């Protein structure tokens with residue numbers, strides 16, 4: 001009886017998660033020139049319109065570059081920082097973990113406003129450098145949490161055995177630790193990339209008029225028009241995200257990727 005109840009709750013949960021997607025999928029094939037549900041006819045012209053929309057294409061290019069840069073920097077900082085907090089006997093390690101993950105609990109509006117005030121003084125507002133630094137700060141806590149979990153689930157005696165055989169600390173880190181952390185690093189990289197790619201609230205504060213990521217371009221487009229291009233683009237982005245998660249699951253496994 002309890003098993004059937006759990007299955008029913010699981011089905012209900014999936015239904016609640018997928019229900020908002022159904023209207024977007026339906027409206028993306030609308031023949032109307034405005035958002036309507038249900039549509040009066042069917043067409044794929046909005047998908048073609050998305051593929052030729054210069055604003056969306058420019059935003060896509062910027063979002064990809066920004067997410068890639070933020071992911072690389074977050075990994076470059078997060079991996080050694082996580083290793084130091086878990087493996088090294090540094091004082092106040094738990095305090096440092098809390099400090100590095102503090103941005104996770106700060107509301108986006110507050111964080112965006114604070115960064116705007118700082119970046120205006122540093123003349124980084126509306127610059128690619130400012131956006132990369134901001135997105136790196138946003139995604140690094142997620143990277144650190146996943147890498148720390150991966151390190152804690154990895155047997156430390158493997159590293160100790162390598163060290164006892166004469167391997168230097170950097171050699172142990174390069175030959176033993178990093179390969180063992182491959183699933184966690186892959187999961188952290190994918191999550192960081194997706195979070196950076198989808199980020200809109202803080203980016204709106206800092207992008208200015210010259211730089212518009214794809215989420216910002218979508219937001220600005222919706223303030224001007226209400227045609228089904230937005231629905232078509234939303235469906236494409238959902239499919240891309242789902243494909244990336246599927247590949248991660250097939251190649252590594254999501255549970256292993258987040259260190260479980």
Quiz item: How would you classify region 77-143 from its alpha-carbon gyration tensor, with a ≥ b ≥ c the square roots of the eigenvalues: rounded for a/c under 1.5, else prolate if a/b is greater than b/c, otherwise oblate?
Solution: prolate
Quiz item: Against the longest principal axis of the chain, how steep is helix 182-198, in degrees 0 to 90 to the nearest 10, with axes from Cα atoms?
Solution: 30
Quiz item: How far is helix 229-251 tilted off the main Cα axis of the chain, in degrees rounded to 10, range 0 to 90?
Solution: 30
Quiz item: Is the shape of region 14-77 rounded, prolate or oblate, going by the alpha carbon gyration tensor and its root eigenvalues a ≥ b ≥ c, with a/c under 1.5 for rounded and a/b larger than b/c for prolate?
Solution: oblate
Quiz item: In deg cm²/dmol, rounded to 500, what helix-only [θ] at 222 nm does the chain give when every DSSP H run of at least 4 residues adds -39500 (n - 2.57) and the total is split over its residues?
Solution: -23000 deg cm²/dmol
Quiz item: Which residue, 62, 117, 190, has the most motion in a Gaussian network model of the chain that connects Cα atoms within less than 10 Å?
Solution: 117
Exercise. Select one label from (i) 180; (ii) 124; (iii) 168: the one whose number is volume of the Cα convex hull per residue in Å³ as derived from the coordinates shown.
Key: (i)
Quiz item: Once fully extended, how much extra length lies between residue 33 and residue 122, figured as 0.36 nm per residue of separation less the alpha-carbon to alpha-carbon distance?
Solution: 27.6 nm
Self-check item: residue 65 versus residue 52: modelled label distance in nm, points set 7 Å from Cα along the beta carbon direction
Solution: 2.6
Self-check item: Estimated distance in nm for a label pair at residue 113 and residue 98, the labels positioned 7 Å out from Cα along Cα-to-Cβ
Solution: 2.5
Practice problem: Compute the length gained on full extension between residue 9 and residue 222: take 0.36 nm times their separation in residues and subtract their Cα-Cα distance, giving the result in nm to one decimal. | Solution: 73.2 nm
Quiz item: If r is the Cβ-Cβ distance from residue 40 to residue 247 and R0 is 25 Å, what FRET efficiency results, to the nearest 0.05?
Solution: 0.10
Quiz prompt | the chain: angle of helix 128-153 to the longest principal axis, Cα-based, in degrees nearest 10 | solution = 50
Self-check item: Among 221, 34, 83, residue whose mean-square fluctuation peaks in a GNM of the chain (springs only between Cα atoms under 10 Å)
Solution: 34
Exercise. Name the most mobile residue of 15, 160, 242, meaning the one with the largest mean-square fluctuation, in a Gaussian network model of the chain with Cα contacts below 10 Å.
Key: 15
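Coordinate-derived values only; no laboratory data. From a predicted model like this one, the values you see are computed outputs, not experimental measurements. Counting neighbours? That spans all protein chains shown, and the Cβs are built from the backbone with ideal geometry, glycine included.
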